[in-house]
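Structure, as structure tokens:
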Amino acid sequence: MPTLDEQIARHLQQALESGELQKARGFGKPLEETPGWSETPEALRMPFKILKDAGIAPPEVALFHERADLRQLVEGCTDPQEKERLRSALYQLEQAIALRLESLRANAKL
């Protein structure tokens, strides 16, 4: 029984011979460097690449969007009590983002 690597090699060889592989985007060209790849901790590179290829942003991106929305709400708010409540929510969110990013930097994991 062939190993998984042997099965993959056989499938790739068949795709090459049939011309299917040549239709792949970037066939025969060096891989494009992904922006931010070298700055990403090694343990997180593959998980982030998988998320990116699947069209899903890491959870931190959603937090940044939420922060931007909250900032807009704070700037546009005219009620002093509501503005203070929004500022408090923004402060808590910024603390959560800072802690999450520090955890990523320190541990390269969540």
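Here are some notes:
- Each of ARG10, ARG45 was scored by other Cβ atoms within 10 Å of its Cβ. Arranged with the fewest first, they read ARG10, ARG45.
- Exposed chymotrypsin sites (Phe, Trp or Tyr not before Pro) absent: longest stretch of the chain, with sites in DSSP loops and at most 13 other Cβ within 10 Å deemed exposed: 38-110
- Inter-part distance where segment 58-73 and segment 23-44 are each reduced to a Cα centre, Å: 27
- Contact order for the chain, expressed relative to its length and based on alpha carbon pairs under 8 Å spaced 6+ residues apart, stands at 23 percent.
- Sum of side-chain charges, GLU94 neighbourhood, beta-carbon under 12 Å (Lys, Arg +1; Asp, Glu -1): +3
- Straightening the chain between GLN22 and GLU102 buys 24.5 nm, computed as 0.36 nm per residue apart minus the Cα-Cα spacing.
- Between ALA68, ALA24, ALA57, the Gaussian network model of the chain with springs among Cα atoms under 10 angstrom shows the greatest mean-square fluctuation at ALA24.
- Span-rule helices in the chain, defined as complete DSSP H runs reaching 18 Å or more along the axis (Cα) with Kyte mean at least -1.0: 4-18, 59-76, 80-107
- At R0 = 41 Å, FRET efficiency that the Cβ-Cβ distance of GLU6 and GLU60 yields, to 0.05: 0.55
- Per-residue Cβ neighbour counts within 10 Å put LYS52, LYS29 in the sequence LYS29, LYS52, beginning with the fewest.
Quick note: the coordinates plus some simple rules give every number you see, no bench work behind them. Since this is a predicted model, take the numbers as computed values, not measurements. Cβ coordinates were reconstructed from backbone atoms using ideal geometry, including for glycine residues, and neighbour counts include every protein chain displayed.
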